[in-house]
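The values are calculated or read from the model by the stated rules, or taken from the named source; none is laboratory data. What you see is a predicted model; the values in this text were computed from it and never measured. Cβ sites come from the backbone with ideal geometry, for glycine too, and all protein chains shown count toward neighbours.
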Amino acid sequence: MLGLTSREMERLLQRDIHPMHVEGSDCMVRMHGRVLRCTPHDLHRLAAPSLRERMRGQINRLSKA
């Protein structure tokens, strides 16, 4: 439906962002108690890992090498 991976969905839920439905080029999300309209592209950007998460992953990979 949304084209999100399970990891992306998990990140959204951790950030209190709940996708409601997608219709064409619009999607509705409930974020911090408010209902907002956004594009699927925006939803993917919200679900992307933060800089902290990316750096932590990079450090973990380098420490194992």
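Name the one entry in MET28, MET55 that is in a strand (DSSP E or B) and either among the acidic types (Asp, Glu) or over 10 Å from the mean Cα position of the chain (by Cα) (or both).
Criteria check complete, one pass: MET28.
Does MET20 satisfy being in contact with a His (Cβ under 6 Å, 6 or more places away or on another chain) and surrounded by 10 or more Cβ atoms within 10 Å (Cβ to Cβ)?
no
If we keep just the residues of segment 31-52 that are aliphatic (A, V, I, L, M) and in a strand (DSSP E or B), which is surrounded by the fewest Cβ atoms within 10 Å (Cβ to Cβ)?
It comes out as VAL35.
Considering segment 16-65 alone, what residues qualify as being of a type in the set (Ser, Thr, Tyr) and either under 19 Å from THR5 (Cβ atoms) or at pLDDT 95 or above (or both)?
THR39, SER50
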